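S.K.: The structure that follows is given in the form of structure tokens.
The values are calculated or read from the model by the stated rules, or taken from the named source; none is laboratory data. None of the values given here were measured: they were computed from a predicted structure. Cβ sites come from the backbone with ideal geometry, for glycine too, and all protein chains shown count toward neighbours. Remember, those area values only see protein heavy atoms, side chains included, never the ligands or the DNA or RNA. Shrake-Rupley method; radii C 1.70, N 1.55, O 1.52, S 1.80 Å.
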Amino acid sequence: MMADLLNSSPSLVNFGIFFLLATLFLFVVLGYVTYVILAERKVMGFMQLRIGPNQLGGKWGLLQTAADVLKLLLKEDIIPKLADKPLYILAPVIAFAPSFMVVAVIPFTDKFYFADIGVGLLYYIAISGITVLGMVTAGWASNNKYALLGAMRGAAQMISYEIPLVMSVLGVILLTGSLNLMDIVTAQQNGWYVIVQPIGFILFFISAVAELNRIPFDLPESESELVSGYHVDYSGFRFAFFMLTEYTYMFAMSALIVVLFLGGWLPLPFLGFIPGAVWFALKFSVVTFVLLWLRSTFPRVRPDQLMEFAWKVLLPIALANIFLTALIKEIINLF
């Protein structure tokens, strides 16, 4: 359906259809965010020998996160007296908008996607980098030293880890010869890139966790030092926007990992009778679970360790991986 719409001529009807589909998909993402938060609390509870939410919505607490969201929406919207009001109001929007825009280029199956553009991977990396502006704007506009420190940490972290993140996918680009995400999935017909590019996968996954500001790399909002970091002065609906941004990026990054390294919707051998959408959902769920697992397992690193790891460890390994990939590809081409 989506492919037919993309190939048809532009019209007001097409615009309306795309708008409705985007709105529907926004609700899908909101549903994902709602229940991945619940899943995170249940997984952490299980791993820490606790029960987790178990009161509202049966023994699984299925309505607990919905109640928490409703509570945030009904809370009073407080703006600090000395805050830069226009920037304070604008910051959550600047942070959230890119997180939803990047989902447009993720192909979920060979038939269901929103935009099949030639430089889809470049688009994702470029647009996702805008979020750091929302983070810095929030820290600055709050007129709070803790918020500003969190914003500076966030900017330094996201800029630093963006470099090994991009370097780690250059091996995939070399093997595929394209920045198109559909082409990258199709090129994995004979083997997923997690097998061909294991170093690139590990580098990308670590950098992705840092880009998502999740433990052990959640320095921009470390409670023990910054009382919550760049969004410390935000409450109610505006705070919910920052939370929504984090988990929407988690949705997008998990999907991107599946597309780049786990073959997207492509099945395992001898299991081709299972629909591609089911394969994508299964791989996506595994990646999401690992991200939740990490939060329950690792302690937070120090700021100096965080920066040294990016520049002194990940970047050299990423460069070596590019050189090795290019070398092996040329040797294979010779024979």
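S.K.: Of the residues that make up segment 60-81, is at least one among the small types (Gly, Ala, Ser) and free of Cβ contacts under 8 Å to residues at least 24 places away in the same chain?
M.R.: Our first condition is that a residue be among the small types (Gly, Ala, Ser); within segment 60-81, this holds for 61, 66-67.
Next cut, free of Cβ contacts under 8 Å to residues at least 24 places away in the same chain only: 61, 67.
Yes, there is a match, as at least one residue in segment 60-81 is among the small types (Gly, Ala, Ser) and free of Cβ contacts under 8 Å to residues at least 24 places away in the same chain.
S.K.: Now, a different point. Within the set of pairs 6+ apart or on separate chains, which have a first residue in segment 31-57 that is more than 14 Å from Thr288 (Cβ to Cβ), a second that is open to solvent by 30 Å² or more (accessible area, probe 1.4 Å) and assigned to a helix (DSSP H, G or I), and C-beta atoms under 6 Å apart?
M.R.: That search, which allows pairs on different chains as well, returns Gly52/Arg41; Gly52/Lys42; Pro53/Arg41; Pro53/Gln64; Leu56/Gln64; Leu56/Ala67.
S.K.: Quick one: Asn333 ticks every box in (1) surrounded by 14 or more Cβ atoms within 10 Å (Cβ to Cβ); (2) in a helix (DSSP H, G or I) except a single one, so which number is it?
M.R.: (1)
S.K.: OK, next. Answer with yes or no whether Met167 is in a helix (DSSP H, G or I), under 18 Å from the mean Cα position of the chain (by Cα) and on the phi < 0 side of the Ramachandran plot.
M.R.: yes
S.K.: Tell me the residue from Leu20, Leu5, Leu30, Leu24 that is part of a helix (DSSP H, G or I), modelled with pLDDT of 80 or more and surrounded by 12 or more Cβ atoms within 10 Å (Cβ to Cβ), please.
M.R.: Answer to the check: Leu30.
S.K.: Restricting to segment 52-64, and then to whatever is out of contact with any Pro (no Cβ under 8 Å at 6 or more places or on another chain) and open to solvent by less than 40 Å² (accessible area, probe 1.4 Å), can you tell me which residue is modelled with the lowest pLDDT?
M.R.: Looking at the filtered set, the residue picked out is Gly57.
S.K.: Taking segment 170-190 as the search range and keeping residues that are assigned to a loop (DSSP other than H, G, I, E, B) and free of Cβ contacts under 8 Å to residues at least 40 places away in the same chain, which one is farthest from Lys111 (Cα to Cα)?
M.R.: Gly177
S.K.: Any residue that is open to solvent by less than 30 Å² (accessible area, probe 1.4 Å) and more than 24 Å from Val290 (Cα to Cα) - is there at least one of those in segment 74-90?
M.R.: Among the residues of segment 74-90, at least one is open to solvent by less than 30 Å² (accessible area, probe 1.4 Å) and more than 24 Å from Val290 (Cα to Cα), which makes the answer yes.
S.K.: For segment 91-116, which positions are buried (at least 16 other Cβ atoms within 10 Å of the Cβ), more than 15 Å from Val259 (Cα to Cα) and in contact (Cβ under 8 Å) with a residue 40 or more places away in the chain?
M.R.: Ala91, Pro92, Ile94, Ala95, Phe96, Ser99, Phe100, listed by residue number.
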